[in-house]
Amino acid sequence: MVTWEQKREIEEFLYREAHLLDEQRFDEWLALLTDDVEYLVPLREHVQGEVDPPGHPMVKDDKLMLTMRVKQRETGLSPVEIPKSMTVHLITNILVENGRASDEFEVLSTFLVRQARKLRDVVWWAGRRRDRLRHVDGGWRIARREVLLDATLLPRGISIFF
């Protein structure tokens, strides 16, 4: 059973994570991930009935790949991030459930992200996240994140973190 204190800690953790992303403090954000993290953004189709996702995910990263994406951004040579995006992450509807292990929780949340570039280029991303949080060295870490975008046609390539 999830305690009120654990739920509050996890909510605070997710809010702080959103702040780090909006402030572009990506090295600090990477520190919130476990070494064996899995970060997924599956392809989605809105069809009738339950069907398997079509093909491979759009994003399927581990810690090394996420670190490489952050390092590429820091060079200033990432063509999709010139100029750098400004983002605002709103995280809500957080549900915390027991995980498979005693030190893990399954966390569901809803997000809305505003991404702005070049003054007039604004994109809104909405969706849900399925996270597995693990208690490591006295703090919470993201062991798995699945981002379920509420769009089947994307307004642009994905260059931000959810």
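The values are calculated or read from the model by the stated rules, or taken from the named source; none is laboratory data. Values in this document were obtained by computation on a predicted structure and should not be read as measured data. For neighbour counting, all protein chains shown are included, and Cβ atoms are generated from backbone atoms with ideal geometry for every residue, glycine included. Accessible surface is based on the protein model in full, side chains and every heavy atom, while ligands, DNA and RNA are left aside. Shrake-Rupley method; radii C 1.70, N 1.55, O 1.52, S 1.80 Å.
Scanning the stretch 127-162 for residues that are open to solvent by 40 Å² or more (accessible area, probe 1.4 Å) and either acidic (Asp, Glu) or more than 16 Å from MET58 (Cβ to Cβ) (or both) gives ARG132, ARG134, HIS135, VAL136, ASP137, GLY138, ARG141, ARG144, ASP150.
Put simply, of ARG128, ARG132 the only residue that is at pLDDT 95 or above, part of a strand (DSSP E or B) and farther than 19 Å from ARG16 by Cβ is ARG128.
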